[in-house]
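The values are calculated or read from the model by the stated rules, or taken from the named source; none is laboratory data. Because the structure is predicted, anything quoted here is derived from the model rather than measured. Here Cβ is always computed from backbone atoms with ideal geometry, including for glycine, and neighbour counts include all displayed protein chains. The area values use the complete protein model at the heavy-atom level, side chains included, leaving out ligands, DNA and RNA. Shrake-Rupley method; radii C 1.70, N 1.55, O 1.52, S 1.80 Å.
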Amino acid sequence: MSAVDAFDFVVVGAGAAGCVLAARLTESGRHSVLLLEAGGKDSSPWIHIPLGYGKHFTNPEVNWLYASEPQAGAGNRRIGQPRGKVLGGSSSINGLLYIRGQREDYDRWRDLGNAGWGYADVLPYFRKAEDQQRGPDEYHGVGGPLSVSDPSEPHALADAWLAAAEECGYRRNADFNGAAQEGFGYNQWTLRKGLRSSAATAYLRPARRRGNLRVVTRALATRILFSGRRATGVEYRRGGILGRATARREVIVAGGSFNSPQLLQLSGVGPASLLRDLGIPIVADLPGVGMNLQDHYTARLAYECTGASTINDVVGSLGKGLAAAVRYAFLRKGPLAMGSSYATGFIRADPASVTPDIQTSISLFSSDKAGDKLHDFPGISLAARLLRPESRGSVVIQSADALQAPAIRPNYLSAEKDCAVLLAGVKATRRLAETAAMRRYVVREHDPGPSCASDADLLDFLRLRGGIAYHPVGTCKMGNDASAVVDDHLRVRGIQGLRVVDASIMPLLVSGNTFAPTIMIAEKGADMILEHGDTG
Ligand SMILES: Cc1cc2nc3c(=O)[nH]c(=O)nc-3n(C[C@H](O)[C@H](O)[C@H](O)COP(=O)(O)OP(=O)(O)OC[C@H]3O[C@@H](n4cnc5c(N)ncnc54)[C@H](O)[C@@H]3O)c2cc1C
């Protein structure tokens, strides 16, 4: 590629959102698109085999391997922040859960002043994106790029857990993405015939043959180029060489919730005091860039089991491992075809909550920490995840060097209400394990263990052992208050020819998982870009 190449659109980041944008913007054949991706191709088979999920936590080939600054609310630990650095971005390394959140989440976005983002407005984009195995209905679509499938078979431990939920008085729910979210049921995963349906396989792969799409991997965008307050292109680094690409119409930033604010700040779009301190010329003083960071803080309880096979025994035994590999190779079934958790429950831990405030789930493996070696006994994990945290954090560059990671300060559990709701959620999760249905299988609670009994003990457990669901959002918030970064057409405020289209634009975290909502945002974003043309 020469330094003077020009395209209608330059998209930064081939992650969940970037792949959708590249596919939709090139669909008509009328626009040219350059898609820049810092990572490489998604050629490792472990990206496509669902169980490979566990392998990517420590792999620098596909993961940015970020970590937070020490977190006061989490025992001063640095919490690992995996992010995909590969075609498909985090959708190539995620846990495959397909859960959109609650109708009320999107209505709240709309009520904050974001016209066109209420549930009724966004549902058509969820449906457009979807290829639902169960067929179409009011809430689901078929024929879309993203495949959504049921597990290929039930599992005795998941069945027992669902029976436990009934024993505790919770209702069953066959579809968290349907009429109501509350209740317990099996998950649906972004899978097609036993293989991961990432944004890269679902959207980018079918579009790659188009002559109007150029995809450049291992290209790190280092700076957005401006003429006055108009974005005109992107400077990027590939193999140690700096290149430039011109955007005739728009630059679209889709680097995800850490890298999008980082790139804006590096380019002079961010809090003026930060930019001044680092000697970066100010293009626009936008104090909200990098602020408003939110994630789903999660407690994971580990149990030793008996009477049913778990991933721990499959990984720990050559014979069982081989049998699982053969089963997967021929039938696309069994442990290798599993997403990160098997079944989920949405509950109201705070009785005053109108909608569920805790997501609890069962995973058929256990370890001390996400990505660590699995326990050498058969084990499961039961998680409790805080759905709508009040704690807010930030992502801030530490220098003008694009190669230096930004400082990530999520401020987990800094809001008192977050601690109270999560504590109630952990107690409810523990009760599930103590039912008659689960006692058949559960030998003992390994972590935190029976000596962790009082509220104070449990709070310590949350702070010292808790993790996250890898759902950072909010750092380029959509809105119209002083801290908003983009407007409801995802245009960066005060700048022409520049949008942010990815998970970072969510003003509030959704009460579910963030892949499906990010796909929806990009589908809607692409429509807005094509309908309304140039932001200038
Ligand atoms: C371990 C893990 C498990 C998860 N599990 C689930 C789950 O089960 N279900 C669910 O719904 N969600 C899950 N998620 C979250 C979900 O995958 C993300 O919310 C979603 O992928 C976010 O999409 P995005 O487009 O905003 O960012 P990403 O998908 O992260 O994509 C950003 C892309 O931009 C590239 N990039 C960044 N900066 C630059 C630059 N300067 N130049 C060039 N390229 C750049 C990155 O390399 C990356 O490819 C998980 C995430 C992780 C990490």
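Residue-by-condition table, conditions (1) small (Gly, Ala, Ser); (2) surrounded by 24 or more Cβ atoms within 10 Å (Cβ to Cβ):
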residue	(1), (2)
Ser198	yes, yes
Arg205	no, no
Phe226	no, no
Ala231	yes, yes
Glu235	no, no
Val251	no, yes
Pro261	no, yes
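Hey, can you tell me all the residues within the range 473-491 that are more than 9 Å from the ligand (Cβ to nearest atom), of a type in the set (A, V, I, L, M) and in contact with a helix residue (DSSP H, G or I) (Cβ under 7 Å, 6 or more places away or on another chain)?
Step one: of the range 473-491, the residues more than 9 Å from the ligand (Cβ to nearest atom) are 474-491.
So of that shortlist, the ones also of a type in the set (A, V, I, L, M) come out as 478, 482, 484-486, 490.
Hits for the range 473-491 are Met478, Val486, Leu490.
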Query raised in the report: Is it the case that the range 524-535 has a residue that's open to solvent by less than 20 Å² (accessible area, probe 1.4 Å) and not in a helix (DSSP H, G or I)?
Result: yes
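Could you tell me whether Ala38 is closer than 21 Å to Ile397 by Cβ, assigned to a loop (DSSP other than H, G, I, E, B) and out of contact with any Cys (no Cβ under 6 Å at 6 or more places or on another chain)? So that I can check it myself, show each step before the final result.
Working: closer than 21 Å to Ile397 by Cβ: yes; assigned to a loop (DSSP other than H, G, I, E, B): yes; out of contact with any Cys (no Cβ under 6 Å at 6 or more places or on another chain): yes.
So Ala38 fits the description; yes.
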Report task. For the range 81-118, enumerate the residues that are polar (S, T, N, Q) and within 21 Å of Ala254 (Cα to Cα). Result -> Gln81, Ser90, Ser91, Ser92, Asn94, Asn114
Query - Failed item in (1) within 16 Å of the ligand (Cβ to nearest atom); (2) over 24 Å from Asp42 (Cβ atoms), with Leu87 passing the rest - result: (2)
Report summary line: Within the range 94-108, the residues that are within 16 Å of the ligand (Cβ to nearest atom) and touching a Phe, Trp or Tyr at 6+ places or on another chain (Cβ under 7 Å) are Asn94, Gly95, Leu96, Leu97, Tyr98, Ile99, Arg100, Tyr106
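Please go through the range 346-355 and give me each residue that is more than 16 Å from the ligand (Cβ to nearest atom) and closer than 21 Å to Ile380 by Cβ, ordered by number. Please lay out each step first, then the result.
So the first thing to find is which residues in the range 346-355 are more than 16 Å from the ligand (Cβ to nearest atom), and the list is 347-355.
Result: Ile347, Ala349.
To keep it simple, each residue is scored yes or no on (1) under 16 Å from Gly144 (Cβ atoms); (2) of a type in the set (Ser, Thr, Tyr); (3) touching a Gly at 6+ places or on another chain (Cβ under 8 Å); (4) away from the ligand (no atom under 16 Å from the Cβ).
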{"residue": "Cys168", "(1), (2), (3), (4)": "no, no, no, yes"}
{"residue": "Tyr186", "(1), (2), (3), (4)": "no, yes, no, no"}
{"residue": "Arg192", "(1), (2), (3), (4)": "yes, no, no, no"}
{"residue": "Arg205", "(1), (2), (3), (4)": "yes, no, no, no"}
{"residue": "Val215", "(1), (2), (3), (4)": "no, no, no, no"}
Report task. Considering only the range 362-375, state which residues are within 17 Å of Ala308 (Cβ to Cβ) and either outside any strand (DSSP E or B) or under 20 Å from the mean Cα position of the chain (by Cα) (or both). Result -> Ile362, Ser363, Leu364, Phe365, Ser366, His375
**Report entry** Options Gly135, Gly29, Gly116, Gly73: the member that is more than 16 Å from the ligand (Cβ to nearest atom) and within 23 Å of Ser394 (Cα to Cα)
**Finding:** Gly73
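Would you point out the residue of the range 6-24, among those that are assigned to a strand (DSSP E or B) and either more than 8 Å from the ligand (Cβ to nearest atom) or over 21 Å from Asn63 (Cβ atoms) (or both), that is most open to solvent (accessible area, probe 1.4 Å)? Don't jump to the end; show me each part of the working.
Initially, the range 6-24 is screened for residues assigned to a strand (DSSP E or B), giving 6-12.
Within this subset, residues satisfying the condition of being either more than 8 Å from the ligand (Cβ to nearest atom) or over 21 Å from Asn63 (Cβ atoms) (or both) are 6-11.
On the way: Ala6: 42, Phe7: 13, Asp8: 23, Phe9: 0, Val10: 0, Val11: 0 Å².
Only one residue fits best here, namely Ala6.
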